[in-house]
Amino acid sequence: MLTQEKSEKVNWKPIIKEFEAVLGKKGVIKRQEELITYECDGLASYRQRPDVAVLPKTTEQVAEVVKICNKYSVPFIARGSGTGLSGGALPIQGCVLIVTSLMRQILNVDLDNQRVVVQPGVINNWVTQTVSGAGFYYAPDPSSQIICSIGGNVAENSGGVHCLKYGVTTNHVLGLKVVTANGDIVDLGGQVPEMPGYDLTGIFVGSEGTLGIATEITLRILKSAESICVLLADFTSVEAAGAAVSDIISAGIIPGGMEMMDNMSINAVEDVTATNCYPRDAVAILLVEIDGLDVEVKANKQRVIDICKQNGARNVTSANDPETRLKLWKGRKAAFAAAGHLSPDYYVQDGVIPRTQLPYVLQEIENLSEKFGYKIANVFHAGDGNLHPLILFDNSIPGELEKVEEVGGEILKLCVKVGGSISGEHGIGADKKCYMPSMFSDADLETMQWVKQVFNSKGLANPEKIFPTPRTCGEAARAMSQNKFENVEKF
Ligand SMILES: Cc1cc2nc3c(=O)[nH]c(=O)nc-3n(C[C@H](O)[C@H](O)[C@H](O)COP(=O)(O)OP(=O)(O)OC[C@H]3O[C@@H](n4cnc5c(N)ncnc54)[C@H](O)[C@@H]3O)c2cc1C
């Protein structure tokens, strides 16, 4: 469980006065009842009310606010829509939350050069909605895309079901306007890909708000595919579904998306969304989207059907029309929300494994489920080996959260053990920082912190995130400083 440091008492009066001079009274939230909205993100088991929240509308206002924070040495944390699942936007005591939800303008649409410039509070889905009429779309599509912000996506380097073929957020950000941690306004990258010099855009994407605040983002948009087909294959074993995933990739087919759901997840989404498409008795289903030229889609569709059948699929259904395709994806996109139907609370883990380790890792997760006595539903971006085990529990029972976190930690160690990673797309935030030493050496972590130091020398931008500290993760941080963490076992 996260521990919060008792900060020195901050005298907020002069600070708020200065914020109000920049943002007006409406742009500064200080009443406790209103601040409750901001006390957690999607990792709702951790809560800490911010002392103040501010709602800037422009880059210049963000810069002024950050300068005031520097003047009074108060930490600040950026927040987009607050859907993050690793506690990245979780306040700490004595902090200002800089909320981008009024920065929602699409500043420029340049179809000829396939780019769109947005403010950070713009919702992911709005980008595609803006350009789809002209035959374009924005590829990264987190399942939270109807609510999460582009600023949050940039900070977390978010992925989604269509990132297997087209890449995650970092592959679609051309340039950024950033307010640095000391309040300077700088431009990183530009309007074209592969700018000369150091890839500072690449460093910023995925930095979880620890290097500054993105206030304008230039995104790459793609031409919509000529043809799209979604296939649903149902299997009587997870091993068979996993083998089909490997065989599809080995055959040289890169689907737009390839997702797997287990029986518990299938039934949860059918209970909640009633797609009537997902067979309730399947042990696992695969959703495979193939896109491209019409002729290519037709050929690959047949090859995927053949591969699934060779691996024992009972049925393979397909959809070409947009309405049915949407219906097939609807259940998958609602999978996390549907888990709420299975138990009062759930804890989402996010790890990556090599695809070939899928059957072994799922068996080990099943063993952990039995050992600790928690049901675990599984949903994954199977194509890129990104697991999302959903551990079901009741947070009203004292001590349950700590036990569930232990199970989550065991799953992360398992991912590292088989040559994977402790995060696929949800970031490290407050939640996983204590596991960083299980994946990185102290030299790795120190190098990362040099970068942080350059951008955020006073440590005011999103402190207590990503890196273990002795106070927040005693053992892990101590082991790190003594270089005593276990060597990662490689398979
Ligand atoms: C139901 C559900 C499904 C999800 N599915 C996916 C998925 O498929 N793929 C995926 O990758 N994630 C997924 N997520 C996680 C989450 O939606 C993403 O991490 C998303 O990018 C967070 O965006 P946000 O606007 O909510 O950011 P927040 O939660 O507000 O913030 C996230 C982090 O970004 C930082 N930040 C926010 N704005 C800025 C800015 N302008 N500049 C610098 N730092 C900033 C914050 O400080 C914080 O560290 C899911 C979450 C939910 C609840």
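The values are calculated or read from the model by the stated rules, or taken from the named source; none is laboratory data. Note that the coordinates shown come from a computational prediction; the quantities given were computed from them, not determined experimentally. With ideal geometry, Cβ positions are generated from the backbone for all residues, glycine too; neighbour counts draw on all protein chains shown. Please note that ligands, DNA and RNA were not included when accessible areas were found on the heavy atoms of the full protein model with its side chains. Shrake-Rupley method; radii C 1.70, N 1.55, O 1.52, S 1.80 Å.
Could you list, in sequence order, all residues of region 350-393 that are under 26 Å from Glu270 (Cβ atoms), away from the ligand (no atom under 16 Å from the Cβ) and open to solvent by 30 Å² or more (accessible area, probe 1.4 Å)? Those that are under 26 Å from Glu270 (Cβ atoms), away from the ligand (no atom under 16 Å from the Cβ) and open to solvent by 30 Å² or more (accessible area, probe 1.4 Å): Pro359, Gln363, Glu366, Glu370, Gly373, Lys375. Filtering Val118, Val161, Val186, Val154 for residues that are aliphatic (A, V, I, L, M), more than 21 Å from Gly427 (Cα to Cα) and crowded, with 17+ Cβ neighbours inside 10 Å leaves a single hit, Val118.
For the residues Thr170, Thr180, the requirement of being within 14 Å of the ligand (Cβ to nearest atom) and either modelled with pLDDT under 95 or open to solvent by 30 Å² or more (accessible area, probe 1.4 Å) (or both) singles out Thr170. For first residues located in region 169-183 and assigned to a loop (DSSP other than H, G, I, E, B), partners that are within 9 Å of the ligand (Cβ to nearest atom) and lie 6+ apart or on another chain with Cβ distances below 6 Å form the pairs Ala181/Gly212; Ala181/Ala461.
Among the residues of region 45-81, just one is without any contact (Cβ under 8 Å) to a residue 60 or more places away in the chain and of a type in the set (Gly, Ala, Ser), namely Ala53.
Just so you know, in region 58-84 the residues that are surrounded by 23 or more Cβ atoms within 10 Å (Cβ to Cβ) and among the hydrophobic types (A, V, I, L, M, F, W, C) include one that is nearest to the ligand (Cβ to nearest atom), and it is Ala78. The residue list Gly252, Gly242 contains one member that is open to solvent by less than 10 Å² (accessible area, probe 1.4 Å), out of contact with any Asp or Glu (no Cβ under 7 Å at 6 or more places or on another chain) and not in a strand (DSSP E or B), which is Gly242. Restricting attention to region 124-151, the residues being aliphatic (A, V, I, L, M) and open to solvent by less than 10 Å² (accessible area, probe 1.4 Å) number 4.
From (1) in a loop (DSSP other than H, G, I, E, B); (2) on the phi < 0 side of the Ramachandran plot, pick out the condition that doesn't hold for Lys13. Status for Lys13: all satisfied but (1).
Can you work out which of the residues in region 195-239 that are in a helix (DSSP H, G or I) and either away from the ligand (no atom under 16 Å from the Cβ) or in contact with a Ser or Thr (Cβ under 7 Å, 6 or more places away or on another chain) (or both) is most open to solvent (accessible area, probe 1.4 Å)?
Of everything passing the filter in region 195-239, Glu239 is most open to solvent (accessible area, probe 1.4 Å).
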